[in-house]
Amino acid sequence: DRRKNGPFLGIFDFVQRVNLNACNKKNMECLALAGGFDSFPELKREQYFAVNSKGEVFLETLMRYGNRYQADKAAAVNSLFGGENVIDVATPEIPQGVERWSDLDRLNRERDLVGIYLSAHPLDEFSIVLEHVCNTRMADLEDKAALVGREITMGGIVTSVRRGVSKNGNPYGIAKIEDYSGSTEIPFWGNDWVTYQGYLNEGTFLYIKARCQAKQWRQDELEVKITSMELLPDVKEELVQKITIIIPLSVLNSALVTELATLTKEHPGNTELYFKVTDDADVSHMSIDLISRPIKLSVGRDLITYLKERPELGFHIN
C-alpha cells in the first residue's frame, strides 16, 4: 500500500490503509515497542499501551477504529447509491498524561522483543568512560591469560543475577554484565558476594576494578577477582578529569569557535577543558596547548557525538 499510495502520514492513516488481518495485534505491538511508529507525530510509544477506563489498551482502540474505517470504506465503494460516499468514523481520542518510560525500560523492551538494542544503548551516557578510560572490555575476559599481571578496569550494565546457596551453606551470586562488546558472567562467592551484592541488581551501571589470578583451590585455572566496584553515575565525572580537543589550524574559524562555545555552555560540569591547535602545514608539526580555566564541562553524549561527526577534529581524555 505504501508503494502504491505513498508514505503513511501518521498512525491513523496507517490503520486506515493496512490489512489489519495480516498486520494483527501482535504485529502492531511489536512495531510500537521496537520503534516502528516513532516517526509518526501523533503518539509516543507509551501512549500505544495506555489503558482507558474500560480496561482497553489504546492499541486495541486504534485497531477497532481501523477495522471500522475500512469496513465503512468498502461499503461506500460497493454502495448502489450515488453521492460522495463520505466515511464518517470518529478518530479515537489520544490518551494524555501517560507517564514516559525510562530510557532503560524503553531499551529493555526493544531488546526483549528483537534481541538487540535498536534506538540506542543504555550505556551510551557512559560511552566516554567505557571507550576512553576503561582498559578492558567484557569480551576480553574470554582470554584471561592475556590479562594476568595488570589492573583491569571495566564498566557495564548488570543484565541478570542468579542467586543461590553453595553446598557448604554460603550464599553466592552470578552476575551477567554487558558492555558494547558483549556480556560475560562473573561469579561472586562467599565474602565477595556479601561485599558486592548491594551493587548487583539488574539495570545497575557499574565501574569495576579487578585482576586476573589463579583460583585458590585450582592453581591451573584463572579467575577474575573483583577488587573494587562503584556506580558509574557516581564516578563518571571523577574518572573523566579533562578533555583535550585537537583543532587543526586550517579549520579554526569563528563558526567552529561559536559551536564549541555553545556546546560547553550547555553542558556545565567538573571536567577541565583543554585545546591543542596544530599546524599540519608546518614541517615541524608545531602545536599550541591552551586551557580554558573559567570553563568546566560535563563530557556527555552530545559533545562526543559532535566531535566524532567532525573527522577534522580530534580529542583525548585525561
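Quick note: the coordinates plus some simple rules give every number you see, no bench work behind them. What you see is a predicted model; the values in this text were computed from it and never measured. Neighbour counts run over all protein chains shown; Cβ positions are idealised from the backbone, glycine included.
Here is how the numbers come out for the structure above:
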{"quantity": "Folded to 0 to 90 degrees: helix 58-77 orientation relative to the chain principal axis, Cα", "calculated": "30"}
{"quantity": "Partners for Lys167 among lysines (Cα-Cα distance below 19 Å; same-chain residues under 8 apart left out)", "calculated": "Lys215"}
{"quantity": "Which of Ile94, Leu43, Val18, positive extreme of dipole for region 2-102 (C-beta unit charges)", "calculated": "Val18"}
{"quantity": "Within the chain: Cβ-based charge dipole about Cα centre, in debye rounded to nearest 20 (Lys, Arg +1; Asp, Glu -1)", "calculated": "780"}
{"quantity": "Euclidean distance between Cα centres, region 245-318 to region 153-179, Å", "calculated": "41"}
{"quantity": "Largest-first principal axis extents of the Cα set of the chain (Å)", "calculated": "86, 69, 33"}
{"quantity": "Exposure proxy ranking, count of Cβ atoms within 10 Å, fewest first, for Tyr207, Tyr117, Tyr69", "calculated": "Tyr117, Tyr69, Tyr207"}
{"quantity": "Value of relative contact order over region 2-102, rounded to a whole percent, pairs C-alpha under 8 Å and six or more apart", "calculated": "29"}
{"quantity": "Anchor Lys26: lysines whose Cα lies under 20 Å away (excluding residues fewer than 8 positions away in-chain)", "calculated": "Lys44"}
{"quantity": "Links that overshoot a 29 Å alpha carbon limit, given the list Lys225/Lys308; Lys25/Lys73; Lys144/Lys308; Lys225/Lys296; Lys176/Lys296; Lys176/Lys265", "calculated": "Lys225/Lys308; Lys144/Lys308; Lys225/Lys296; Lys176/Lys296; Lys176/Lys265"}
{"quantity": "Theoretical ellipticity at 222 nm over the chain - DSSP helices of four or more residues, -39500 (n - 2.57) apiece, nearest 500", "calculated": "-8500 deg cm²/dmol"}
